[in-house]
1. Within region 322-356, restricting attention to residues that are aromatic (Phe, Trp, Tyr) and more than 25 Å from the chain's Cα centre (by Cα), which residue is modelled with the highest pLDDT?
2. Of the residues Phe27, Phe70, which is in a helix (DSSP H, G or I), surrounded by 20 or more Cβ atoms within 10 Å (Cβ to Cβ) and modelled with pLDDT of 90 or more?
3. Return yes when Ser173 is touching an Asp or Glu at 6+ places or on another chain (Cβ under 7 Å), in a helix (DSSP H, G or I) and more than 16 Å from Phe443 (Cα to Cα) and no when it is not.
4. Among the candidates Ile98, Ile46, Ile81, single out the residue that is surrounded by fewer than 17 Cβ atoms within 10 Å (Cβ to Cβ), in contact (Cβ under 8 Å) with a residue 24 or more places away in the chain and either over 30 Å from Glu216 (Cα atoms) or of a type in the set (A, V, I, L, M) (or both).
5. Which number in (1) modelled with pLDDT under 90; (2) under 21 Å from Ala408 (Cα atoms) marks the one condition that Lys250 misses?
6. Just checking, how many residues over region 327-350 are closer than 29 Å to Gly60 by Cα and exposed (fewer than 11 other Cβ atoms within 10 Å of the Cβ)?
7. List the number of the failed condition for Lys264; all other conditions in (1) under 20 Å from Phe137 (Cβ atoms); (2) modelled with pLDDT of 85 or more; (3) of a type in the set (Lys, Arg) hold.
8. Can you tell me which of Lys505, Lys512, Lys468, Lys460 is basic (Lys, Arg), at pLDDT 85 or above and surrounded by fewer than 20 Cβ atoms within 10 Å (Cβ to Cβ)?
Amino acid sequence: MATLEQKTVINMKLIILGLLIFFGMIFFVDLQPGKPEVTYTAAIAILMAFWWVSEALPIGVTSFLPVILFPLLGVLDGKAISNAYINYVIFLFIGGFIMALAMEKWNLHKRIALKVLSIVGGSPLMILLGFMFSSAFLSMWMSNTATAMMMLPIAFSVTTSLEEIHGEGKISSYAAGLLLAIAYSCSIGGIATLIGTPPNLSFLRIFEIIFPGAPEISFGQWLTFAFPLTVIVFIFTLFFLYYVYKPKEKIEKLDKSFFREKYKALGKVTVEQKRVFVLFIALAILWVFRSNLNIGFTTIPGWSSIFKNPKFINDGTVAIFVAILLFITPSTKKNEALVGWKIMLKLPWHIVFLFGGGFALAKGFIDSGLSNYIGSLLTGAGSLSTSALVASLTGIMSILTEFTSNTATTEMMLPVISGLATEIKVNPLLIMIPITLAASMAFMFPIATPPNAIVFGTGKLTMIQMIKTGFFINLFAIIIITVITITWGTIIFDIDPNVFPEWAKVIKPDLKH
């Protein structure tokens, strides 16, 4: 384990190496003669990617580079690039995270998890189902990291009880499967909603920056598309983990009273928990039914249509509205609301700035022409069939995100993929959506996602176990993402695989918005 001093020296070397690569490109590379901004943008992107991946600097600090480098190198105006950092997607994230913090503050998330386990728990398969369902459901609405951290103590109490009854040797394999179930379910549940995982929000904003004339993608529309995918991957993972890690010898059922007692230990449902839960349900309903919802065979009218200008209302509006209600709604404590300003200190601001840096980079990719330049280099992909193209790109993204930050990788890849789409005349949604989903489907390595790292850090798993198990789930996820995208996705997002849409033909984002 490197000391703090050794880590500082390593980081300084990585910072210098990144700068050498950056200046080497600036002075000695010319990607497109007569258009130096293409090379400059590529140099900035490589520098940011290198520092993001190596974490030579905190990722939030690296994310500020576009504010300095784009104006200095004449790629983009400083005012325009600064505007990329604050938009409705940022407020969607902040509002959703405040709700997650409110659930955590009043212990509502733990109550939900134990309630589920008290209903389904018992046999090894049903315990696995209970943990996976709780983890996946909570990760649809709150941080995957927080969910994994919250579920671990509950998992340890279950495995400890089983060890006391049967001995550690009999359930060590099952305990490893239970930990993997928690980590994988956090990622699987996260893809179902726009706020469930950061790559989804990155896609939402970058898609709007690159294709400002494209139809809006709403919270409800994304949920309608991604939820069936989540269910399919969830079911496969449940039975696959049970098959691989089920106890070798028959073990006694853990009585449901075990979970009921833990649930009772939480005490009676508090007034605060009831109020947070009501606001949580209201938030989910307002998000899902805000705009018209196409579910294939019919369209459900959205509630925003009752207003004079329904397009003025977006998912960020809803998120902040409910967040403000959390600040207003009183708790039983004197002069205290459900949440106070102190909760804002817990917001992951580094992720907010990472979003902004990615949005700024996307703007640079498009305005400099780098996106189209890279797309032109990849035109050979145009000879592939739709299925092969989607599967290939999904597979590449799944591999990349095993070794790097899924959010940073998504923000680097989406502008490149958009350029490829415009060059080979494929509907951008057909390939941008699956690579966004693939960014969260990383199950093989501890570094791939925070939940993976958290469960691996318990010391109850081996690297080989995670790699072997994750490989098959990765493979299944790639296949299902491809199939769902080119079938259900084409219906929900109104995609004709044989038609290049009008909104994708002109890529000139309005820099003032």
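The values are calculated or read from the model by the stated rules, or taken from the named source; none is laboratory data. Quick caveat: nothing in here was measured; it's all calculated off a predicted structure. Don't worry about glycine lacking a Cβ; one is built from the backbone with ideal geometry, like all the others, and counts go over all protein chains shown.
1. Once the filter is applied, the top-ranked residue is Phe327.
2. Selected residue: Phe70, the only one of Phe27, Phe70 that is in a helix (DSSP H, G or I), surrounded by 20 or more Cβ atoms within 10 Å (Cβ to Cβ) and modelled with pLDDT of 90 or more.
3. Considered against the rule, which asks whether it is touching an Asp or Glu at 6+ places or on another chain (Cβ under 7 Å), in a helix (DSSP H, G or I) and more than 16 Å from Phe443 (Cα to Cα), Ser173 comes out as no.
4. The unique qualifying residue is Ile46.
5. Every listed condition holds for Lys250 apart from (2).
6. Matching residues across region 327-350 total 3.
7. Checking Lys264 against (1) under 20 Å from Phe137 (Cβ atoms); (2) modelled with pLDDT of 85 or more; (3) of a type in the set (Lys, Arg), the one that fails is (1).
8. The unique qualifying residue is Lys468.
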